[in-house]
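Down below is the structure, laid out as structure tokens.
The values are calculated or read from the model by the stated rules, or taken from the named source; none is laboratory data. Since the structure is predicted, the reported quantities are computational estimates derived from the model, not experimental observations. Neighbour counts are summed over all protein chains in view; Cβ atoms, including those assigned to glycine, are modelled from backbone coordinates with ideal geometry. Just the protein is used for accessible areas: all its heavy atoms, side chains included, with ligands, DNA and RNA removed. Shrake-Rupley method; radii C 1.70, N 1.55, O 1.52, S 1.80 Å.
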Amino acid sequence: MTTKRGLITDSFKVVKKARRGGKKEKRPTPSPPPQKEADTGTVREEELQKLRQFDLDWRFGPCTGISRLQRWERAKLYGLNPPEEIRYLLSQTHTNPEYTLSLWSEYPL
């Protein structure tokens, strides 16, 4: 006759661990402190985000191989009504390549 083999857990006692601290009450998360509106880091990021959106909007024609300002002027010439806000941003920051060059400027044609 063959002997019946038991499981390894049969030889050990089952012990459940007690929770530490019991149940905790959920508290609402505190709201973040108000930020200054004149924070240059966030304003700059918002401006660059608007310019990226302009780059990705194909209603104003392709943007490879030309600057953002050239693309804006071409769209205006063809009556595509590009946003004036973009023109204003580009005229204020015309020396900064991060603003003037499109998203695709680093890719070869």
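Only residues that are open to solvent by less than 20 Å² (accessible area, probe 1.4 Å) and more than 25 Å from Val43 (Cα to Cα) were counted in the range 61-99, giving 2. A Cβ distance below 6 Å, combined with a sequence gap of six or more or placement on separate chains, defines the contacts here; from the range 55-75, residues that are of a type in the set (Ser, Thr, Tyr) reach residues that are in a helix (DSSP H, G or I) and surrounded by 14 or more Cβ atoms within 10 Å (Cβ to Cβ) in the pairs Ser67/Thr100. Of the helices (runs of 4 or more DSSP H) entirely within the range 48-104, those holding at least 3 residues that are within 24 Å of the chain's Cα centre (by Cα) occupy 84-92, 97-100. Could you tell me how many of the residues in the range 7-54 are within 30 Å of Arg87 (Cβ to Cβ), at pLDDT 75 or above and not aromatic (Phe, Trp, Tyr)? Matching residues across the range 7-54 total 13.
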